[in-house]
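The structure appears below as structure tokens.
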Amino acid sequence: MKKTLISASVATVLAAASFGALADGPTLYGRLDLSVTNTDTGATLQKGTNDLEYGKRGTYIENNFSNLGVKGSEKLTDGVDIIYQMEFQVENTSGTGDTFKARNTYLGAKTNFGTFLVGRNDTVFKQAEGGVDAFGNTNADIDRLVGGQVRSGDGVWYYSPKIADLITLNATYLMEDNQDAPVVGGVELEKDDMYALSATIGDKKLKAQNYYAAIAYNKGIGNIDAYRAVGQVKLGDFKIGGLFQNSESIADGADDDNTYFVNVVYNLNGVNLKLQYGYDEAGFGNYFKNVPVDNINTVNKIKNDVEVTNITVGADYRVAKSTLVYGHYAHYEGEFKDSSGAKFDLEDDNVFTVGVRYDF
């Protein structure tokens with residue numbers, strides 16, 4: 001029933017978009033992004049990849065968040081525009097689960113006092129990354145190491161106008177009654193306020209300005225308290241960026257720990273050559289959560305003295321305005337101690353990926 005309703009909703013959206021196009025209305029858009037990946041453990045591959053089993057070496061076809069959506073706006077009065085978006089992830093390679101999954105879907109208003117949204121969206125903490133994630137939406141995304149990369153529903157978003165033509169203030173607040181309380185050891189913890197705040201300057205696309213910087217704070221969303229600082233600058237054909245984050249679990253009382261990323265992108269005649277290094281002490285990323293360790297059935301992955309490192313090299317090239325080809329190699333390794341102080345090595349993961357992205 002759920003799948004049928006979602007499919008019917010998408011069909012309705014498409015029909016509305018086709019009609020709206022004649023009336024200068026909604027814009028239909030989408031993305032197909034498929035890659036072929038060889039991996040030692042599968043720990044960093046996209047969730048839902050067909051026949052994926054953590055710890056299993058193999059070659060897979062990955063769906064990197066292919067999606068279909070419609071968005072638009074309509075002027076109500078002077079200074080007030082209604083804005084909307086409905087976006088669905090399309091699982092075109094998975095043999096199980098729903099074909100369509102909810103992505104950023106909201107209704108809002110753009111006014112002289114700022115933009116207000118209600119619905120489902122990336123938190124402003126996640127959005128604060130700007131364009132610093134050199135391998136975003138792939139198996140080398142920064143969320144393989146860092147936590148807080150959350151898309152949340154049942155929330156309210158606010159984005160201020162640019163203050164002094166320089167800084168933008170942003171906020172996400174999740175409605176408490178619509179959120180699940182953290183559960184630890186089968187015990188449900190008391191729910192607390194869940195929100196995120198950020199301040200940004202510059203242009204995340206590095207076009208209007210050749211720099212971007214952000215600071216952000218996350219309270220409770222994704223079961224962590226965290227703060228981050230992000231910076232990126234364009235110098236000729238080079239883009240240099242970095243991210244620092246401090247994270248603390250609200251569920252298990254783990255000590256707060258740090259995550260670092262630095263990267264450089266060089267444009268060589270249209271080919272973007274990319275190098276990224278990451279180091280994590282917190283253990284909230286997908287690699288630490290998913291990668292097998294020795295005696296996995298007897299070891300509790302308590303996040304004590306986590307050390308995870310990642311290095312990724314790759315390139316992409318836009319063969320047409322709509323089409324991007326890309327490839328990368330990512331290496332992950334790490335270790336941690338369990339609650340007794342025993343030390344365990346995480347299984348190394350070597351990931352080779354080539355893919356094509358088509359936007360329309």
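Brief remarks follow.
- Residues of the stretch 248-273 that are modelled with pLDDT under 95 and either out of contact with any helix residue (DSSP H, G or I) (no Cβ under 8 Å at 6 or more places or on another chain) or not in a loop (DSSP other than H, G, I, E, B) (or both): GLU248, SER249, ASP252, GLY253, ALA254, ASP255, ASP256, ASP257.
- Filter result for ILE201 (assigned to a strand (DSSP E or B), of a type outside the set (Ser, Thr, Tyr), at pLDDT 95 or above and within 16 Å of SER247 (Cβ to Cβ)): no
- Exclusive hit being at pLDDT 90 or above, buried (at least 19 other Cβ atoms within 10 Å of the Cβ), in a loop (DSSP other than H, G, I, E, B) and of a type outside the set (Phe, Trp, Tyr), set ASN139, ASN170: ASN139
- Inter-residue pairs, beta-carbon under 7 Å, first of a type outside the set (D, E, K, R) and in the stretch 144-161, second part of a loop (DSSP other than H, G, I, E, B) and surrounded by 19 or more Cβ atoms within 10 Å (Cβ to Cβ), 6+ apart: LEU145/GLY285; VAL146/PHE284; VAL146/GLY285; GLY147/ALA282; GLY147/PHE284; GLY147/GLY285; VAL150/THR123; SER152/THR123
To keep it simple, each residue is scored yes or no on (1) polar (S, T, N, Q); (2) surrounded by fewer than 19 Cβ atoms within 10 Å (Cβ to Cβ); (3) modelled with pLDDT of 95 or more.
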position	(1), (2), (3)
GLU190	no, yes, no
LEU206	no, yes, yes
ILE221	no, no, no
ILE224	no, no, no
ALA229	no, yes, yes
VAL233	no, yes, yes
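- Considering the stretch 305-328, and only residues there that are of a type outside the set (Gly, Ala, Ser) and without any contact (Cβ under 8 Å) to a residue 24 or more places away in the chain, the residue that is surrounded by the most Cβ atoms within 10 Å (Cβ to Cβ) turns out to be VAL319.
- Residue in the stretch 97-108 that is modelled with pLDDT under 95, in a loop (DSSP other than H, G, I, E, B) and touching a helix residue (DSSP H, G or I) at 6+ places or on another chain (Cβ under 7 Å) present: yes
- Filtering the stretch 335-360 to residues that are surrounded by 15 or more Cβ atoms within 10 Å (Cβ to Cβ), in a strand (DSSP E or B) and modelled with pLDDT under 95 leaves PHE336, LYS337, PHE344, LEU346, GLU347.
- Among the residues of the stretch 75-96, just one is among the acidic types (Asp, Glu), over 22 Å from TYR358 (Cβ atoms) and at pLDDT 95 or above, namely ASP81.
- Residue in the stretch 7-24 that is at pLDDT 55 or above and touching a strand residue (DSSP E or B) at 6+ places or on another chain (Cβ under 8 Å) present: no
The values are calculated or read from the model by the stated rules, or taken from the named source; none is laboratory data. Quick caveat: nothing in here was measured; it's all calculated off a predicted structure. Because the Cβ atoms are built from the backbone with ideal geometry, glycine has one as well, and the counts that use them run over all protein chains shown.
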